[in-house]
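Chemist: To start, I am sharing the structure in question, which I have written as structure tokens.
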Amino acid sequence: MVSEHLHCEDKREYETKSGRAGPGNPTSPRHSVRKNLDFEPLSTTALILEDRPANLPAKPAEEAQKHRQQYEEMVAQAKKRELKEAQKRKKQLEDRCKLEESIGTAAQIWNQEILPNWSTTCTSRRVRDLWWQGIPPSVRGKVWSLAVGNELNITHELYSICLARAKEKWRTTPAPSLETEAEDAGSSNRESSLELIKLDISRTFPQLCIFQQGGPYHDVLHSILGAYTCYRPDVGYVQGMSFIAAVLILNLDTADAFIAFANLLNKPCQMAFFRVDHSLMLTYFAAFEVFFEENLPKLFAHFQKNNLTPDIYLIDWIFTLYSKSLPLDLACRVWDVFCRDNEEFLFRTGLGLLRLYQDVLTTMDFIHMAQFLTRLPDLIPAEQLFQHIAAIHMTSRNRKWAQVLQALQKDPERGSPVLKH
């Protein structure tokens, strides 16, 4: 009954739109046009296959045959497309099932075998291989916490104290103006950057809509960043920190996220960038260029020819640990191995990205390369990127990353733009 009713509704709607007369519309404008026609085309199929109306000359046999052949070809192509799409959907479903099964198996291994014996298993070859494949989301936060460690000995109680101090500061600080913001940016009292946090949170993963005002994680992100500015007033808030804190919030409880956040930012590379230590930043760039020239000499020469220096694209990558530059799932995989290999992997990832896109980059000029690297493609195949990262060798003249960096720190003149003999 329902289908019959819908059919009648559709029929009446069709008659109304097409101007055909119905029982209640005997004077339809089209009624006089159609009254002598027995044939009403309802689809392109009808136009191809049906005979012409009685008041028109009949189709020639050749034309009728041609139309039938065209129709059969259309049907065959439609079936072929449908079959291809069905096969594609089936493969996607199979791949998704395989991925979910592998993640479930990996999570079981991490939970039952690795995490309970962390100190003895974390450096084994088997665990390092599992680490490279990506940590299952269900255990990612725990693994990150253990790998980052807590050298600063921050407790949950200390977080609560810093948060209370931040809230008091917010309560007593007047709303910022353009003038006060400019003063805050250069102020020696970095706690004044508390208000700048509000301006930056709205720009943090806007596509997720969870950290913005009214979102479920807005207050949590605000709290962690505010507490940090009180914990480290000498550093304060620097643009880019919100992305790091947001990624941690998605994987850890609030207090544990704060502990991991403070310890991550305390690492030499992150501290150099967030405290804007120009000398040390240049040293990191010089070390990066050593391995850039070693691994990708053709692209390196092209960058030099166009005067494209690492600071143009690396700063944003390092500041946010790729969380702003890469799709979130892929950024988390980069974080997985970064927690294992420390700062060296950040620069290795950068070289992996350059290797992945070197064919495109070598055809570009300065402007287009800079635009491309500061706004990477939205879709970056994870396995493909990690294959390119794996192909990057972090040794130069038998020296590893740490040794090259140390040599450059001792003698900075040797490392600009590349480490010389």
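Nothing in this text is a laboratory measurement; each read-out follows from the coordinates by a stated rule. Computed from a prediction, not measured in an experiment: that's the story for all the values here. So basically every Cβ, Gly included, is an ideal-geometry build from the backbone, and we count neighbours across all protein chains shown.
Chemist: For the pair Ser160 and Ala107, how long in nm is the line joining their label points, each one 7 Å along Cα→Cβ?
Modeler: If labels sit at Ser160 and Ala107, their model points lie 3.1 nm apart.
Chemist: Moving on to the next point. At 0.36 nm per residue, and after removing the present C-alpha to C-alpha distance, how many nm does the segment from Asp253 to Ala64 gain when stretched out fully?
Modeler: Contour length minus the Cα-Cα distance gives 60.8 nm.
Chemist: What full-extension length gain, to one decimal in nm, is calculated for Ala370 and Asn342 as 0.36 nm per residue of separation minus the Cα-Cα distance?
Modeler: Going from the current span to full extension adds 7.4 nm.
Chemist: Quick one: work out Rg over Rh on the C-alpha atoms of the range 316-401, Rh as Kirkwood radius.
Modeler: 0.96
Chemist: Please report, in cubic angstrom per residue, the volume enclosed by the convex hull of the alpha-carbon atoms of the range 252-405.
Modeler: In the range 252-405, the Cα hull volume divided by residue count equals 115 Å³.
Chemist: Spin-label point model (7 Å from Cα, Cβ direction): what's the Leu379 to Lys90 distance in nm?
Modeler: 2.3 nm
Chemist: Right, another one. Packing-wise, with mean Cβ within 10 Å as the measure, how do 139-152, 232-245 rank, highest first?
Modeler: Going by the mean number of other Cβ atoms within 10 Å, highest first, we get 232-245, 139-152.
Chemist: Given the pairs Lys142/Lys324; Lys59/Lys79; Lys267/Lys400; Lys66/Lys90, which span a C-alpha to C-alpha distance of over 24 angstrom in this model?
Modeler: With Cα atoms farther than 24 Å apart: Lys59/Lys79; Lys66/Lys90.
Chemist: While we're looking at this one, here's another question. Each label point is 7 Å from the Cα along the Cα-to-Cβ direction; what then is the distance between the points at Glu168 and Leu146, in nm?
Modeler: 3.8 nm
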